[in-house]
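Following: one structure in structure tokens, then a few remarks.
Laboratory data are not the source of any read-out in this text; all were calculated from the coordinates shown. Bear in mind that the values here come from a model prediction, so they are computed numbers and not experimental data. Glycine also receives a Cβ, built like all others from the backbone with ideal geometry; neighbour counts cover every protein chain displayed.
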Ligand code: EPZ
């Protein structure tokens, strides 16, 4: 089982083009099912979650090809409407296929996506939204059987601004004649990216980025080409890596506006930031200071996906910072591993008090989940000595060539068998 071997203490410097957004491209790949014909998505990252989604598309009957950073999906012929358990287990967010299959075929069968490393991952909001649109959904022994019980545009109210439920409803609504209004929609930038792709297909969608998204469904759609936005969470990760190791790093291909809350925290911690519409430069020359409480929240609040990597950077700084994780029930599994590197983190329910210890030390640590694993890499970049990070499969779900990119920025990191 391979691991990253990282020797910390080397400042980072250089420029990095950040890869396409995982949380944008996954729903877009599902959206390709809406139209017979070939769609082309560009700036698609090489990630295991993307490969898992492509496996599902192929199983459903799509022809999928990769040409560099482009993925070509031809959904002209679909020969099944069910996603077997082994593929659902590989990636929880494949519940997004429900809406697309219902819109295209009027039927879908998925095994219930299990909980995952972040705690229970309910899908009640997804199911309520689709039932509101007229889907008949039966849950039998962990399998969801969905049928078109007369899909019709309606008003959907989400009690939580769920990213996935918003996306599922948008895709299903494309197949529902009439107007669908999603009230309480998630406002994440990835929702806007999905709207852009759907519009390129000819869909009548508006309001993404606000709490109310409207879709006029039942209009004929056509294949489209689309460029995926840059990954704001990967960008946050590299910035936190530079904050932990010190140095100066430029990131391109990501709009600073999509991670404003993270940038504000890094500036408060003592980093200097210069930003342009699609690039940013972070400079860090002194140990990070403690900052005001970091409370994760739906966009535009502080993103839960950046909580672990910011914690890792601050743990090796000076001063104390309170974190409150408000989105997921179990998103502190990286804390035990950071403690093995000398971090001082006190947990109490959703709260975590991080007291910077001046500098962490290397250790053998284990990735517990995607962002928790990335946090260990961030911590190792600033730590004294050598760290070995194992269970890399978690990290490779969401980061393309993390070791190669960090090496190009001057880090001493390599993957060893
Ligand atoms: C998306 O997950 C992202 N994944 C997550 O990124 C991200 O952390 C999350 O949104 C929040 O921003 C993808 O886009 C593939 P939610 P999603 O539905 O859609 C509760 C990463 O690291 N909820 O917005 O699953 C849920 O339990 C991943 O890249 C219900 O109660 O998240 C959570 O507490 C991790 N019922 C809250 O809502 C539901 O039916 C927000 O979840 C759905 C969600």
* **the chain - share of DSSP beta bridges that are antiparallel (%, nearest 5)** => 75
* Quotient of C-alpha Rg and 2.2 N^0.38 Å, computed over region 1-83 -> 1.41
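Of all the C-alpha pairs in region 97-181, what % are more than 21 Å from each other? Walk me through the numbers on the way to the answer.
Numbers: 808 of 3570 pairs.
Here the tail beyond 21 Å accounts for 23 percent of pairs.
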* Just how many % of Cα pairs in the chain lie over 37 Å apart, if you round to the nearest whole percent? -> 23
* **Label-point separation, residue 206 to residue 412 (7 Å along Cα→Cβ), nm** => 5.8
* To do: Mind grabbing the base-10 log of I(q)/I(0) for region 173-252 at q = 0.20, 0.22, 0.25 Å⁻¹? Debye formula, identical points on the C-alpha positions, no solvent, two decimal places.
  => -0.87, -0.97, -1.13
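Hey, what number do you get for the chain at 222 nm if only DSSP H runs of n ≥ 4 count, each worth -39500 (n - 2.57), divided across all residues, to the nearest 500?
Values: 14 runs with 134 residues, N = 417.
Taking each H run of at least 4 residues, the total per residue is -9500 deg cm²/dmol.
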* Asked: Hey, with R₀ at 45 Å, roughly what FRET efficiency would residue 355 and residue 159 work out to, going by the Cβ-Cβ distance, to 0.05?
  -> 0.80
* Structure fact -> Long-range share for region 151-309, i.e. C-alpha pairs more than 29 Å apart as a percent of all pairs, stands at 30
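How would 124, 82 line up from fewest to most surrounding beta-carbon atoms within 10 angstrom? All intermediate terms of the calculation are to be shown ahead of the outcome.
Details: 124 11, 82 19.
Ordered from fewest to most neighbouring Cβ atoms within 10 Å, 124, 82 come out as 124, 82.
How big is D, in µm² s⁻¹, for region 303-390 by Stokes-Einstein at 10 °C and 1.306 mPa s if Rh is the Kirkwood radius over C-alpha pairs? Walk me through the numbers before you get to the answer.
Working: Rh = 12.4 Å.
Calculated translational D: 128 µm²/s.
So for 242, 414, 174, fewest C-beta neighbours within 10 Å to most, what's the order? All intermediate terms of the calculation are to be shown ahead of the outcome.
On the way: 242 32, 414 14, 174 28.
In increasing order of surrounding Cβ atoms, one gets 414, 174, 242.
Indicate, rounded to the nearest 5 percent, the antiparallel portion of the DSSP beta bridges found entirely in region 22-227.
Working: 30 of 39 bridges.
In region 22-227, approximately 75 percent of DSSP beta bridges are antiparallel ones.
Cβ neighbours within 10 Å, averaged per peptide: list 303-314, 157-168 in order, most packed at the top. Provide the component values of the computation, followed by the final result.
On the way: 303-314: 27.1, 157-168: 21.3.
Going by the mean number of other Cβ atoms within 10 Å, highest first, we get 303-314, 157-168.
Equivalent-ellipsoid semi-axes (√(5λ), Cα gyration tensor) for region 22-227, whole Å, largest first? Intermediate values should be presented prior to the final figure.
Numbers: eigenvalues 94, 79, 57 Å².
Working through the eigenvalues yields semi-axes of 22, 20, 17 Å.
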* Asked: Taking the mean number of other Cβ atoms within 10 Å as a proxy for protection, how do you rank 31-40, 86-95 from highest to lowest?
  -> 31-40, 86-95
